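The values are calculated or read from the model by the stated rules, or taken from the named source; none is laboratory data. What you are looking at is a predicted structure, and each value in this text was computed from that prediction instead of being measured. Cβ sites come from the backbone with ideal geometry, for glycine too, and all protein chains shown count toward neighbours. Ligands, DNA and RNA are stripped out before the accessible areas are found, and what is left, the full protein with its side chains, is counted by its heavy atoms. Shrake-Rupley method; radii C 1.70, N 1.55, O 1.52, S 1.80 Å.
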Amino acid sequence: MLTTPTAAPTSSFTKTTVLNNGCVIPLVGLGTWKSEPGKVQQAVKEAIRLGYRHVDCAFCYHNEKEVGLALQECFAQGLCRREELFVTSKLWCDKHHPNDVRDALRNTLSDLQLDYLDMYLMHWPVAIKINWPESADDMIALDDLPIADTWKVMEECVDQGLTKGIGVSNFSIKKLEHLLASCRIPPAINQVERHPYLAQPDMMEHCARKNIHVTGYSPLGSLDRPAGLKGPDEVNLLTDPTVTSVANKHGISTAQVLLKWAVQTNASTIPKSIHPTRLAENLMVGRDDFPDLDQRDLEMLQSLDAHRRYVTGAFWALPGGPYTVENLWDE
Ligand code: NDP
């Protein structure tokens, strides 16, 4: 395995790409879902010290205040400057009403102690009345609260300088097309689950044609999800025999194979970790000198695509409600 970097770089440590709004996004970022408030502050600080310049946050991760404390510490200690960081957050589903969007973004900015975001994503194409729905009564159909109405205020947030870019998450090609037909500012990003078990070739191809960048979430298989969100027969991506054989061939870890595959197939990737050695191991794949996977490796990893999701979205499919797994993904 490649060794851990010793010096903390002062600028972006990973390959980057340019979004359709002209902003630059580092291809390896830090995920923060399930990073507990007591641990995320240290993890974000360590990540930035190591050279991460892209942090993926969300209101619903319930830890943005601690992420904000870490960012402030990093700025104060000169580990990085605000303009070197790419910070994403996400609009939660109970704030889709046009009257709520701007305040939700301002609330996130206040928690993160920032003046602006680099990217604000609509977290899901789902509208709900309360923070976490328990019955169909808590859900709102998209016919009653259209995505276009929510998006219009997100566009105004760009105009007002609250965020540099806007995008979506968990959008199908059909929903992307619908949004593109009515929007003034096209989404810069669609953040979707992506790893070799769910390679999303159609989405990748479609987004490339529309100049929308794909960020892949749960790139390592999201092992630490709460039991209630796990399926009965989940397979561990990090111990998959094919991934392991590619890792052994190159003398790298299976996590690095998965992350390198993500970057080499033109997506950004946002692995979550709270452990310094793993943070360093994961970041390393974004370096220019990290060896490429070869054609044979890519073909072997491609053969794993089984359209298998870890984050199925089944939690939105409440009996009698407007959402089903089928109409969520349009499959
Ligand atoms: P990941 O696929 O990133 O997996 C995280 C798990 O892998 C943790 O258990 C972590 O443990 C472990 N891990 C991290 N690095 C290594 C390594 N090098 N070797 C072995 N194990 C490792 O899961 P997530 O679901 O968290 O996805 C990443 C991020 O994507 C989220 O944190 C969030 O920011 C975003 N996301 C967005 C969603 C959306 O709807 N838009 C949905 C889901 C995720 P440990 O921390 O103990 O190191």
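In this structure, the residue pairs whose Cα-Cα separation is over 31 Å, taken from LYS45/LYS174; LYS39/LYS174; LYS45/LYS175; LYS129/LYS174; LYS45/LYS90, are LYS45/LYS174; LYS39/LYS174; LYS45/LYS175. For the range 52-60, backbone phi angles converted through the Karplus equation (6.51, -1.76, 1.60; θ = phi - 60°) give residue-by-residue couplings of 4, 10, 9, 10, 9, 10, 6, 3, 6 Hz, Gly and Pro being listed as x. Under the convention that each Lys and Arg Cβ holds +1 and each Asp and Glu Cβ holds -1, the size of the dipole of the range 62-217 around its Cα centre is about 460 debye. With contacts taken as Cα pairs under 8 Å and at least 6 residues apart, the chain reaches a relative contact order of 21 percent. When peptides 200-208, 215-223 are sorted by average Cβ neighbour count within 10 Å, with the highest value leading, the order is 215-223, 200-208. Peptide packing: for 149-161, 26-38, the average count of neighbouring Cβ atoms within 10 Å per residue gives the ranking 26-38, 149-161, highest mean first. With θ taken as phi - 60° and the Karplus curve 6.51 cos²θ - 1.76 cosθ + 1.60 applied, the whole-hertz 3J(HN,Hα) list for the range 28-40 is 10, x, 10, x, 10, 5, 6, 7, 5, x, x, 10, 5 Hz, x standing for glycine and proline. For the range 193-275, the relative contact order works out to 37 percent when only alpha carbon pairs closer than 8 Å and six or more residues apart are counted. Carbon-plus-sulfur accessible fraction, the range 16-329 (probe radius 1.4 Å, protein heavy atoms only): 50%.
Comparing VAL168, VAL44, VAL18 in a Gaussian network model of the chain, where Cα atoms under 10 Å apart are tied by springs, the biggest mean-square fluctuation is seen for VAL18. Positive-end ranking of ALA317, CYS183, ASN107 along the dipole of the chain, with charges on Cβ about the Cα centre, is headed by ASN107.
Surface analysis of the range 16-329 yields an accessible area of 41 Å² per residue, using protein heavy atoms and a 1.4 Å probe.
Farthest toward the positive end of the dipole of the chain, out of ASN20, PHE59, ALA127, is the Cα of ASN20, where the dipole comes from beta carbon charges about the Cα centre. Placing unit charges on each Cβ (+1 for Lys and Arg, -1 for Asp and Glu) gives the range 16-329 a dipole about its Cα centre, and among MET204, PRO37, TRP329 the Cα reaching farthest toward its positive end belongs to PRO37. Here the calculated FRET efficiency for GLN295 and ASN266, from their Cβ-Cβ distance with R0 = 22 Å, stands at 0.90, rounded to the nearest 0.05.
Three semi-axes describe the equivalent ellipsoid of the chain; taken as square roots of 5 times the Cα gyration tensor eigenvalues and ordered largest first, they are 29, 24, 19 Å. Karplus-based coupling profile of the range 234-244, in residue order and whole Hz: 6, 10, 7, 4, 6, 10, 4, x, 5, 4, 5, with θ = phi - 60° in 6.51 cos²θ - 1.76 cosθ + 1.60 and x standing for Gly or Pro. When you filter the trypsin sites (Lys or Arg not before Pro) in the range 39-124 for DSSP loop state and at most 14 other Cβ atoms inside 10 Å of their Cβ, you are left with ARG81. Springs join every pair of Cα atoms under 10 Å in this Gaussian network model of the chain, and among ASN236, ASN170, ASN282 the largest mean-square fluctuation is at ASN236. With a simple spin-label model that places each label point 7 Å from the Cα along the Cα-to-Cβ direction, the separation between TRP132 and HIS275 comes to 2.6 nm. Between SER89, SER268, SER172, where does the largest GNM mean-square fluctuation fall for the chain, given springs only between Cα atoms within less than 10 Å? Evaluated over the chain, the most mobile residue of the options is SER172.
Measuring with a 1.4 angstrom probe and ignoring ligands and nucleic acids, ARG184 comes out at about 140 Å² accessible. Close amide H partners of ALA127, meaning residues 5 or more places away or on another chain with modelled amide H under 5 Å apart, are ILE140.
Only beta bridges with both residues in the chain are counted; by DSSP, about 20 percent of them are antiparallel.
Simple point charges give the picture: +1 on the Cβ of Lys and Arg, -1 on the Cβ of Asp and Glu, and for the chain a dipole about the Cα centre of about 720 debye.
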